[in-house]
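Have a look at the structure below before the remarks.
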Amino acid sequence: RAVKKKLCTFLANFAAWAASLIILVPMLVVVVNSFKSQKESMVMTLSLPKKFMLENYATVIERGKLLSSFCNSAVYASFSVILILSVVSAASYVLSRNRSRLHRFVYYLIVLGIAMPVNNVALMKIMKATALINTRYGLIFLYVAMNIPLALFLMFGFVETLPREIDEAAVIDGAGPMRLFSNVIFPLMKPTVVTVGILNFMAIWNDFSMPLYFMNNSGKWPMTLAVYNFFGQFEQSWNLVSAAITLTALPQLIVFIFGQKYIVGGVAAGAVKG
């Protein structure tokens, strides 16, 4: 049994390493080639460059206008996440603590949005009718509406695990509804709040289709569209394209590295009930 257990552990670790390499190798290829010259980068390999071309990044930022696009992506992701967390944290608490049929119906109606496909034709008409198309706040509202269902599902499941005795003790101590939520319940929701915030930030930062459909002004493009446009202009310069891709992925990587423990804990906690 001991030999069998060691063999299973070895196979599991081998499978994990193999799956990791499938994901990591393409990323390493892109990063390594971002420091090569144009001639060296024509063959996308893991071989180190003869000379590290740090100026590739300066060229990409200048020609690709990535600085303004970075600011746009930061605005879209940050404000969207703030609105999502503000709305969903309060809604999950209210819907969880009120067990009426109406509240259950509202909860399941919103969560149904996880499985509903996006109809871009109808959405385009709505955006035009409300004068939200080609505006920064319109794109932010769109991201908020699209990401609320999954966020509510995770937060609702976590709030359901919080004992109601906490609410009763706070009320006995004289806490009103707003104080009860802001000073007692919300701090306890930190694991799932951080998880939802990180997941939504990464999803919005990496989104390509919504700005493509609803943002026609290049000055308001996020980094995903800026890199796509840059690739169209410099498709023969794989070193510059690789540098642009690296700059786009870097913020997501940093956020994920610092928040991965919250993601694992928050998703596990939010999946207990719902």
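Here are a few things to note about the model shown:
- Residue order for Trp205, Trp238, Trp221 - accessible surface, 1.4 angstrom probe, largest first: Trp238, Trp221, Trp205
- Rough spin-label spacing in nm, given labels placed 7 Å along Cα→Cβ, for Arg179 and Ile82: 2.7 nm
- In a simple Cβ point-charge model (Lys, Arg +1; Asp, Glu -1; nothing else charged), the chain has a dipole of about 560 debye relative to its Cα centre.
- Over the chain, dividing the summed -39,500 (n - 2.57) contributions of all DSSP H runs of at least 4 residues by the number of residues returns a 222 nm mean residue ellipticity of -24000 deg cm²/dmol.
- Mean Kyte hydropathy of -0.5 or more with a Cα span along the axis of at least 27 Å, helices from DSSP in the chain: 2-33, 66-97, 136-160, 238-270
- [x] 0.97; [y] 1.06; [z] 0.99, with the label sought being that of the calculated Rg/Rh (Cα atoms, Kirkwood Rh): [y]
- Using only side-chain charges placed at the Cβ, +1 for Lys and Arg and -1 for Asp and Glu, the dipole size of the range 75-198 relative to its Cα centre rounds to 460 debye.
- Summed residue charge, Cβ within 12 Å of Cys71's Cβ, Lys/Arg positive, Asp/Glu negative: +3
- Over all other residues within a Cβ to Cβ distance under 13 Å of Tyr143, the charged ones net out to 0, with Lys and Arg as +1 and Asp and Glu as -1.
- Full-stretch length increase - Ser218, Arg104 - with 0.36 nm per residue and alpha-carbon distance subtracted: 36.8 nm
- Dipole axis of the chain (+1 Lys, Arg; -1 Asp, Glu on Cβ), positive-most option in Ile110, Ala131, Val75: Ile110
- Size estimate for the range 1-138 follows the Kirkwood approach: the inverse of mean 1/r over distinct Cα pairs works out to 21.4 Å.
- On the basis of the beta-carbon distance and an R0 of 45 Å, Ala131 and Lys4 show a calculated FRET efficiency of 0.10.
- The residues of the chain present an accessible area of 59 Å² per residue when probed at 1.4 Å with all protein chains retained.
The values are calculated or read from the model by the stated rules, or taken from the named source; none is laboratory data. Computed from a prediction, not measured in an experiment: that's the story for all the values here. All Cβ positions, glycine included, derive from the backbone under ideal geometry; neighbour counts span all protein chains shown. Protein only, heavy atoms only, side chains kept; ligands, DNA and RNA dropped before computing areas. Shrake-Rupley method; radii C 1.70, N 1.55, O 1.52, S 1.80 Å.
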